[in-house]
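The values are calculated or read from the model by the stated rules, or taken from the named source; none is laboratory data. Bear in mind that the values here come from a model prediction, so they are computed numbers and not experimental data. Every residue, glycine as well, gets a Cβ built from its backbone with ideal geometry; the counts of neighbours run over all protein chains shown. Only protein heavy atoms, including side chains, enter the accessible area calculation; ligands, DNA and RNA are left aside. Shrake-Rupley method; radii C 1.70, N 1.55, O 1.52, S 1.80 Å.
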Amino acid sequence: MLTGGYSRHALVEWQNEYELKKVLDIDEFNKDMLYKSLDWLAENKEKLEDELFKNRGTTPMVYLYDVSSTYLEGTKNEFGAFGYNRDKKKGKMQITYGLMTDKDGVPIPRGYVPISIDIFKGNTSDTQTVENQLQKIKNRV
């Protein structure tokens, strides 16, 4: 399940509505292409984050970090678990995710370009995610 309540399959259907082929200037887009791309991103996550940390310019003194969650409609997600549900959806499993940027991140309409994101089991409390982020900063700065 992707954040925002979208499954991989739903994302393929969503692209039709937003003419993703036209926006990306590609002739073909299908679920196999999407799955392959998402798998590649997952396999290269650490390397991509290393580059984002390295290329963000001067070393910031402040990092911004926030934790949120999204609920799942299904029960077959390896991160799905019952926990504090911010969406107030009773009886739904969820995943928790943490997003990090720095104070000099490139502004986008709803915040800053992230330099790191992590997914946690849905029953992970916010405070249990922080040490992981501090370790990232320590190892990459």
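The table below lists the values:
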quantity: Where Met33, Met100 fall by accessible area, highest first, once all protein chains stay in place (1.4 Å); calculated: Met33, Met100
quantity: Efficiency of FRET between Ile117 and Glu78 - r from beta-carbon atoms, R0 25 angstrom, step 0.05; calculated: 0.90
quantity: Spacing of the two label points (7 Å from each Cα toward its C-beta) at Asp126 and Glu28, in nm; calculated: 4.7
quantity: Formal net charge of residues neighbouring Met93 (Cβ-Cβ distance under 15 Å; K, R +1; D, E -1); calculated: +4
quantity: Leu38, Leu72, ranked by accessible area, largest first (probe 1.4 Å); calculated: Leu38, Leu72
quantity: Eligible lysines near Lys54 by straight Cα distance, threshold 17 Å, same-chain separation 8 or greater; calculated: Lys45, Lys103, Lys136, Lys138
quantity: Phi-based couplings in Hz for the stretch 80-87 (Karplus 6.51, -1.76, 1.60; Gly and Pro marked x); calculated: x, 7, 7, x, 4, 9, 5, 7
